[in-house]
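Scroll down for the structure; my scribbles are underneath it.
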């Protein structure tokens, strides 16, 4: 609606301006100068010979533009700020990381770790418009290795999600806390000595209308990530006994999967990680950086989890009938 009002108003403004100028050619140099340089004051001038219709159209155009800009400021302050700054086509640096926050488009451009908190913030004109914070304060045990994976129904403790949004200067900010029962997958990979590549998939229950996914390159590395990488490799975890089924599970050689993934894509698979957790789904792909992607059903949707080979103790697939 805002874009339609502004765009329609600008078109009507251009048409009425041109119409007014051409209609003023016969009125002399003074009225023509006013119509050309100060057309917005012509609706206030009476008895100067200006035609009525272009002036009425000019007023309607101005009202449309002002109404559209007002709605834009109220509902989408970040776009209003970009409109004022002239950065109409600006794309946030982390455009690969995007989603929705409380039903509104969410493209965080400031992503960083602060202690045990992972912060996603969308900013404009040096102020935060929307933010999502994953607080691991009450779940520090999850901060180890290179991957964090949670599914609804998993045992706690869980990190708390804190969502905040700011809709305008005259509107109180919103705040919502989600303690558990969401899907979260975070994969971290150090890049050199000072950066971290992070892949995130977050999906909240439908009533929160919030999801986030993609990849981002972070400045710096979490302190806990450095410690986990320098620690001795964890001892292999014995896989739990598996019930025998007519079309049962069969162990898959990890190197074979990485070298020839096309043979196994689309098949049911089960992954056991070094943390002792098991994930069952469908093999979706092996990425260019050799991460194994497993799709897990969640109601009517699917959630993709990525696993680094070094985090995988055992991978199994169902034998073909």
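The values are calculated or read from the model by the stated rules, or taken from the named source; none is laboratory data. The structure displayed is predicted, hence computed values, not measured ones. We place every Cβ from the backbone using ideal geometry, glycine too, and count neighbours over all the protein chains shown.
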(1) within 27 Å of residue 302 (Cβ to Cβ); (2) touching a helix residue (DSSP H, G or I) at 6+ places or on another chain (Cβ under 9 Å); (3) surrounded by 17 or more Cβ atoms within 10 Å (Cβ to Cβ) all hold for residue 200 apart from (2)
Conditions (1) in a loop (DSSP other than H, G, I, E, B); (2) within 16 Å of the chain's Cα centre (by Cα) -> residue 152 fails only (2)
| task | Scan segment 301-311 and give yes if some residue there is assigned to a strand (DSSP E or B), under 31 Å from the mean Cα position of the chain (by Cα) and at pLDDT 85 or above, otherwise no. | result | no
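Conditions tested, residue by residue: (1) modelled with pLDDT under 85; (2) outside the structural domain of residue 127 (by TED's automatic domain parsing); (3) in contact with a helix residue (DSSP H, G or I) (Cβ under 7 Å, 6 or more places away or on another chain); (4) assigned to a helix (DSSP H, G or I).
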position	(1), (2), (3), (4)
18	no, yes, no, yes
21	no, yes, yes, yes
26	yes, yes, no, yes
48	yes, yes, yes, no
58	no, yes, yes, yes
81	yes, yes, no, yes
Exactly one of 258, 314 is within 27 Å of residue 195 (Cα to Cα), at pLDDT 80 or above, over 29 Å from the mean Cα position of the chain (by Cα) and not assigned by TED's automatic domain parsing to the domain that holds residue 152, and that residue is 258
Would you call residue 208 touching a strand residue (DSSP E or B) at 6+ places or on another chain (Cβ under 7 Å) and at pLDDT below 90?
yes
